[in-house]
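What follows is a set of notes on a single structure, which appears directly below.
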Amino acid sequence: MSAAWHVRRGSFFLTAFLLGLFASAGHAQTAVRQINAGGGAVTPFVADTGFSAGTAFSSTATINLAGVTNPAPQAVYQTVRWATAFNYNLTGLTAGSAYLVRLHFVELSFTASGQRTFNVAINGTGVLTNFDIFATAGQNHALVREFNATADGSGAITVAFSHGTADNPSIAGIELYTGGVTQQPYLGVTGSIANGSTIQAENYDTGGEGIAYHDTTAGNTGGAYRTDGVDLEASTDTGGGYNVGWTVDGEWLEYTTNTTAGTYDIVVRGASGSTATGTKSVRVLLDGTVLGTATVAITGGWQTWQDFTISGVPITAGTNRVLRLELVGGDFNLNYVRFASTTAQPPPTPTGLTAAPGNTQAVLNWSASTGATSYNIYRSTTSNGEGTTAIQTGVATTTFTNTGLTNGTTYFYKVAAVNGSGTSAQSSEVSVTPSSGIPATPTGLTASPGNAQVALSWSASSGASSYNIYRSTTSNGEGTTAIQTGVTTTTFTNTGLTNGTTYFYKVAAVNASGTSAQSTEASATPSGGGNPPPNTAVLQINAGGPAVAPFATDTGFSAGNQFSSSATINVSGVTNAAPAAVYQSCVGIHRSTTRSAV
């Protein structure tokens, strides 16, 4: 990967897209800073400090820490600091010393990708570009990114956050540890050696020179993708991405992998525009044992790619095994290594499993698995308790109805695909609760007139989760389009009516199984004349949320974002308080918004 080859390669535009070294294992380093951005002290994190600007925002939402190695305490992710641009200046460090910067992120407000993207730089070097927390981890899910950094001459490391393509940057916590990181999978993703798997050459482990790779020259000659000593450039091969270039005899790269037992053809993807004679090859080793050597021919161009295959290599199963690619002779480019099994394989794990409730039954559907000849069904009444004994085997379609269930009991299901070579892993889990069907038709509907309004009341329907209200100015003309849905009580006041006009009403009950027939009809004629008296509600809107009687669903706004919480709302001491559910939704404050009544 020597820069000596650059003169033979010609010049090209260098795009520096800098990514950090994300370590997935525990830290042997000593923490020197642990800051709860936007919040108070949460042991061992101290209260927010060292920032240049910004606003704090907090949430009571439960934060999902699953899949995060060494996460901060949950309370750290429930507060963030945000602004169009701001810095954290970490001072009092040892000038010239190496540190590990851990940035803790969470998306508390937005619910879709592309709504918040921003940039992060450390000591002036960009490490994240148009970073999208939601696209990476979803809402209310902790996310950690780690980077190596060196304290400047004044003993400081500055972490700068700036506006990207949407909204404002946000950070939940910052940690600083002494020293660098040991060899770990790049971006925390362990490679896979299995049928059809590919290991991209540019995704070698982190750890640096002599640990995760050996390169004969300092720096990244191509200037692309990563910032350590391996020479990388953008690839024009099918699928794009990046490739290792400027290779020299004796250089090597390592990758942490999990292996699936089988016999494989190992396909090395290479290109060479060299005119020099001599051996050019890739020696492939697993845990120090040579699996074979692929000779790389001169292909006529540095981006003219060909496959070079090592055939019939037996590999045993294992975890955290080190794959090494040794570059013999050099003077070629390396894009990836692909593994193709030479023996028949079980089908892939089914995806897209869904479950719909019925009366003492559940209907399952899933997507077909390539090569599957049948499917096995697994069931439990506890989550992840399905075990390995199927309740049904030999299902030849992608649907299955499980009958004879108990209404009101929740059942959990997984599915596996089967062919002559074996059985796949089980799918992700779904759950369903059978019920006897739609609720009974509401009874006892009454309508009481008021000034420009009618108050309705009815008896509760067994099994109903909400009610729909239907209205007309002619008897039995209510139709099937409700004027109000989601009513969770057995009363409803219809306001804004015309005094002297007779209104006719019917009510239907709703649950997960469907909607009941409409009730018998009731009517009333509002009276009072003129405008409603003082303190009569004419407009009640649940900002940021659905209808919560007597509040209507959110309407009349010009912009803004919705935010909701399941926290219990204290309405004590509030005169004429709205229903608690109204306070559990609001309009986000991250952007200036205006709202007008209609």
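The values are calculated or read from the model by the stated rules, or taken from the named source; none is laboratory data. For clarity, every value in this text was computed on a predicted model and none was experimentally measured. We place every Cβ from the backbone using ideal geometry, glycine too, and count neighbours over all the protein chains shown. The area values use the complete protein model at the heavy-atom level, side chains included, leaving out ligands, DNA and RNA. Shrake-Rupley method; radii C 1.70, N 1.55, O 1.52, S 1.80 Å.
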Of the residues that make up region 77-99, is at least one part of a strand (DSSP E or B), closer than 26 Å to THR190 by Cα and in contact with a strand residue (DSSP E or B) (Cβ under 6 Å, 6 or more places away or on another chain)?
-> yes
Mind checking whether some residue in region 242-259 is without any contact (Cβ under 8 Å) to a residue 40 or more places away in the chain and either within 20 Å of VAL282 (Cβ to Cβ) or of a type outside the set (Gly, Ala, Ser) (or both)?
-> no
Tell me which residues, restricted to region 481-497, are of a type in the set (Gly, Ala, Ser) and open to solvent by 50 Å² or more (accessible area, probe 1.4 Å).
-> GLY496
Pick out, from region 386-463, the strands (runs of 3 or more DSSP E) lying fully within it that include 2 or more residues that are farther than 30 Å from PRO348 by Cβ, modelled with pLDDT under 95 and open to solvent by 20 Å² or more (accessible area, probe 1.4 Å).
-> none
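Using the structure shown, decide if ALA559 is loosely packed, with under 13 Cβ neighbours inside 10 Å, under 23 Å from ALA56 (Cα atoms) and modelled with pLDDT under 85.
yes
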Test GLY114 against the criterion of being under 16 Å from the mean Cα position of the chain (by Cα) and modelled with pLDDT under 95, and give yes or no.
-> yes
Yes/no for PHE551 being aromatic (Phe, Trp, Tyr) and either modelled with pLDDT under 95 or surrounded by fewer than 16 Cβ atoms within 10 Å (Cβ to Cβ) (or both) = yes
Residue that is modelled with pLDDT of 90 or more, of a type outside the set (A, V, I, L, M) and exposed (fewer than 13 other Cβ atoms within 10 Å of the Cβ), where the choices are GLY529, GLY500, GLY514 | GLY500
What number of residues within region 362-382 satisfy the criterion of being assigned to a loop (DSSP other than H, G, I, E, B) and of a type in the set (Phe, Trp, Tyr)?
-> 1
Those residues of region 359-385 which are within 25 Å of GLY437 (Cα to Cα), surrounded by 12 or more Cβ atoms within 10 Å (Cβ to Cβ) and not β-branched (Val, Ile, Thr), in sequence order = ASN359, GLN361, ALA362, LEU364, ASN365, TRP366, TYR378, ARG379, SER380
Could you say whether any residue in region 299-310 is crowded, with 19+ Cβ neighbours inside 10 Å, modelled with pLDDT of 95 or more and more than 22 Å from LEU232 (Cβ to Cβ)?
-> yes
Can you tell me which residue among GLY50, GLY92, GLY114, GLY39 is crowded, with 22+ Cβ neighbours inside 10 Å, over 26 Å from GLN183 (Cα atoms) and not basic (Lys, Arg)?
-> GLY39
Only residues that are at pLDDT 95 or above and among the β-branched types (Val, Ile, Thr): list them for region 62-83, please.
-> THR62, ILE63, VAL76, THR79, VAL80
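In region 95-111, what count of residues is obtained for those that are open to solvent by 20 Å² or more (accessible area, probe 1.4 Å) and within 16 Å of PRO169 (Cα to Cα)?
If we filter region 95-111 for residues that are open to solvent by 20 Å² or more (accessible area, probe 1.4 Å), which is where we start, we get 95-98, 111.
Filter again for within 16 Å of PRO169 (Cα to Cα), leaving 111.
Adding up the residues that qualify gives 1.
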Just need a number here: residues in region 1-57 that are outside any loop (DSSP other than H, G, I, E, B), modelled with pLDDT under 50 and not basic (Lys, Arg).
-> 5
